[in-house]
1. Report every pair of residues separated by at least 6 positions or lying on different chains whose Cβ atoms are under 9 Å apart, first residue within region B:244-264 and facing chain C (nearest Cβ under 7 Å) and crowded, with 20+ Cβ neighbours inside 10 Å, second hydroxyl-bearing (Ser, Thr, Tyr) and outside any helix (DSSP H, G or I).
2. Among the numbered conditions (1) exposed (fewer than 15 other Cβ atoms within 10 Å of the Cβ); (2) touching a residue at least 40 places away in the same chain (Cβ under 8 Å), tell me where A:SER24 comes up short.
3. Can you tell me how many residues in region B:229-239 are more than 9 Å from every other protein chain (Cβ to nearest Cβ) and either on the phi > 0 side of the Ramachandran plot or not β-branched (Val, Ile, Thr) (or both)?
4. On the basis of being hydrophobic (A, V, I, L, M, F, W, C), away from chain C (no Cβ under 14 Å) and within 13 Å of the chain's Cα centre (by Cα), does B:ALA167 make the cut?
5. Residue check, A:ARG190 against (1) surrounded by 21 or more Cβ atoms within 10 Å (Cβ to Cβ); (2) within 27 Å of the chain's Cα centre (by Cα), all met but one. Which one?
6. Name, by its number, the condition in (1) more than 9 Å from chain A (Cβ to nearest Cβ); (2) in contact (Cβ under 8 Å) with a residue 12 or more places away in the chain; (3) over 27 Å from C:GLY77 (Cα atoms); (4) of a type outside the set (Val, Ile, Thr) that does not hold for C:ASP130.
7. Does any residue of region B:85-98 turn out to be within 22 Å of B:GLN188 (Cα to Cα), under 17 Å from the mean Cα position of the chain (by Cα) and small (Gly, Ala, Ser)?
8. Can you name the number of the only condition in (1) surrounded by fewer than 16 Cβ atoms within 10 Å (Cβ to Cβ); (2) within 13 Å of another protein chain (Cβ to nearest Cβ); (3) not hydroxyl-bearing (Ser, Thr, Tyr); (4) not in a helix (DSSP H, G or I) that C:ARG121 fails?
Amino acid sequence: MADAETLDGRSQVRRRAGLRLWLSAAWLGTLCILALFAPWIAPKDPLAQDLFLGRMPPAWVAGAEPGYWLGTDSLGRDVLSRIIHGARVALSVALIAGAITCVIGATLGLLAGFLRGWVDLLISRLIDIWMAFPPVLFSILLIAVLGPGLWSIILAIVVIDWTRFARVVRAEAMAQGAMDYVASARVAGRGRIGTMLREILPNVLPTVTVLLTLEMGIAVIVEAILSFVNLSISTDAPTWGGMIAEGRASIHQAWWVLVFPLGTLFLTVLSFSQLGEGLKDRFDPVLR
Amino acid sequence: MSFLAIKNLSIGLKKGPPLLRRVSLEVSSGEERGRVWESGAGKSMIGKAVLGILPPSVEVTGGEIWLDGTDLLRLPLAERRRRIGALAALIPQDPLTALNPSHRIGPQITDRLVDILGWRRADAEARARDLLTEVQIAEPERVMRAYPHELSGGMRQRILIASAFAAEPKLIVADEPTTALDVTVQKQILKLISQMQARHGTALLFVTHDLGVVSKVCQRLSVLYAGMVVEDSTVGDFFAAPRHPYSAALLAATPKYTDPQAGLNPVPDSVIAAVRAEVAAFDRSAAHG
Amino acid sequence: MADLYQIENLRLSLADMAAKPLFGPAPRLEILKGLTFSIPKGSVVGIVGGSGSGKSTLGRALVRLLEPSSGAIRFDGTDITHLSEAELRPMRRRFQMIFQDPMSSLNPRHRVSAIIAEPLRLHGFDAISDRVSRALDHVGLPRHFASRYPHELSGGQRQRVGIARAIALEPDFILADEIVSGLDVSSQAQVLNLLERLVRELGLTLAFISHDLAVIRRLCDQTIVLYRGEIVEDRPTADLFDRPGAAYTRELLEAIPLPDPAQPWF
């Protein structure tokens, strides 16, 4: 079938998976491996204290102690190993909290946006009321009640952030619901839930993907803040936020104790957001 | 001397296939020129190229655009914008999205005059009122205070027309200005554009896919296929005896309500194959050129 | 000839969300103001009107995407006016719809084969991939298009996929809502010729909504002209064009630019 359109190259415009997708995936992938195999990869025991080796500088600075690549903190613990172990907490929180928040928020948003009517009324009012609570206070309250620990943090994040997903997904679902292919599904005889899952959900996934990766980045930061103020996990296991808190005290004598965990935190959060953007571009078959 | 002279203009996607293939056409002051194009993404590309509003994924790969004696493509960007702003205007396709829903109508007409062309506000507002009356809007004051969503599509298109003529441009590019409108409203709008154009002596570049509209509104027309000009003649000559087989096929495909047997003959595959061969030959010679 | 559709005093109101007060329901805007007409089996009916005439609303009421406020719609003898979704579902395969915008009528994330197969699966047809291939044959698209995504097709091809989806169910009735408005003149011709052929070959009844009187004249046996929710003309097409009755019909005819530069228009 001949037509002028195939000669003007419109259908040939494609976005290529960019550098940022690969870079961010590489960083996060590395972090995952480090976190999974931390006990075997980390060069030293993260909890082992050796006061004679306190505040040793990183390997490339004069006066460094060999084997401690990023130096030691004031208690002689290896910074590198602590960062690697800290990744376990950070990534667990990111993945679990991110996933749960996404599932709850996106589901409610989808139902509200597509089914409309009293379902939408109920869920929207719920979101409005929920968002009226000040989030930081809310999470501190929650942890005070539940006691510190990994699951408390995860719960705190889920409880506060699901509304973000719900709002955005609701708007998307509403826009999708106006599309003719939804009406077409109805004419074909599809039921409402079926239409929602088959027609709307696939078109909402790009947005959900971006939100999910953003949420993971946020989860990492929230965990870091909570461990900074000592409200995080109760054990001695190292956390990036905790290391930053400790590093703050000795920034003049041992800058590396603060800088390296901070840098790792920054790179991780950045990677999450770039991953989301990259994935969205990569998997979007519709290009205008 | 033509006011607008496009010479061998080629446009393409960056690192991609061409959208316009050495298009040449001229529009004199006071003349309306139609451009008919079958389909495809590049239909408004000529107009956008002239006005300097090509999308970022598209670039000019060759040719010249002469506006009032100056080649726009040789000018530095700021100078080009200034010239285009002073000399040309656009009547866009979709009246629903062409007006900013957050601003009232009045500022949308006067802001350009005041901020960019340096008019006094009082003068700009008087001009806006005059123009709205000229486009047959009954209560210009009330309309100037209204928001776009309070007005109908036909009325919005009138406002866009008034806005285009506001700075007395010498060239107007009308990009399918009536496609989104009802057929009865379309007639009024086209009549209005023709009258305004005749009254102000403006050159008009009219982009459309509707041969019926071209026959009523334009003096000359260019037919393009895949960004290549296949015919360029006066409207009278064209409808009496189109020279290129593709143009003849387009005419045969256009239904006429006075004759139930006429029209609805799709362009035959042989004609398409022939014109595609022409395009391919053009591409080959351009590659070696 | 027996009537496939009998419409009696059809009224339909929709909530006017733009005028909704803070508390309380939105006021109802009456779109269809008491329409009465019938569609004989095997005929092609044109429904014409400007924007605001209610023609799209009428179309959607005929396939029960919307529920009338009052009046009756009888499809092949059965009163479908107020049937629930569950009651309608088994009947839905008999009346299908093709939509206007080729961009938004096909889900961009589904391949053509899934788009056509979907309704077939819902209604429990067998030999689905066979039927999909045959539907593509009927609309003149090559079979390998089944694995393409909508954005890899032109507007005319997408419309043909929409037609294939509708005819795959072997319906009695198809509603075509402005299906060629967004297409260039050649694609328009192809799609309309296709429809003409399908109506003949498959014995379909077709309701064709359009604002283009030239197309209506070519395609339709009977023409209904709507103006602001009311029927102003309901006559055989040839009759209507030879002797237009209502002032609005004449206005519509005069508004069409014929491709003839010699005839003055303004």
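The values are calculated or read from the model by the stated rules, or taken from the named source; none is laboratory data. Values in this document were obtained by computation on a predicted structure and should not be read as measured data. Every residue, glycine as well, gets a Cβ built from its backbone with ideal geometry; the counts of neighbours run over all protein chains shown.
1. Sorted first by the residue in region B:244-264, then by its partner, the pairs are B:GLY263/B:THR254; B:LEU264/B:THR254.
2. Just one mismatch for A:SER24, condition (1).
3. Number of matching residues: 4.
4. On the way: hydrophobic (A, V, I, L, M, F, W, C): yes; away from chain C (no Cβ under 14 Å): yes; within 13 Å of the chain's Cα centre (by Cα): no.
The answer is no for B:ALA167.
5. (2)
6. It is condition (2) that C:ASP130 fails.
7. Checking region B:85-98: at least one residue is within 22 Å of B:GLN188 (Cα to Cα), under 17 Å from the mean Cα position of the chain (by Cα) and small (Gly, Ala, Ser).
8. Just one mismatch for C:ARG121, condition (4).
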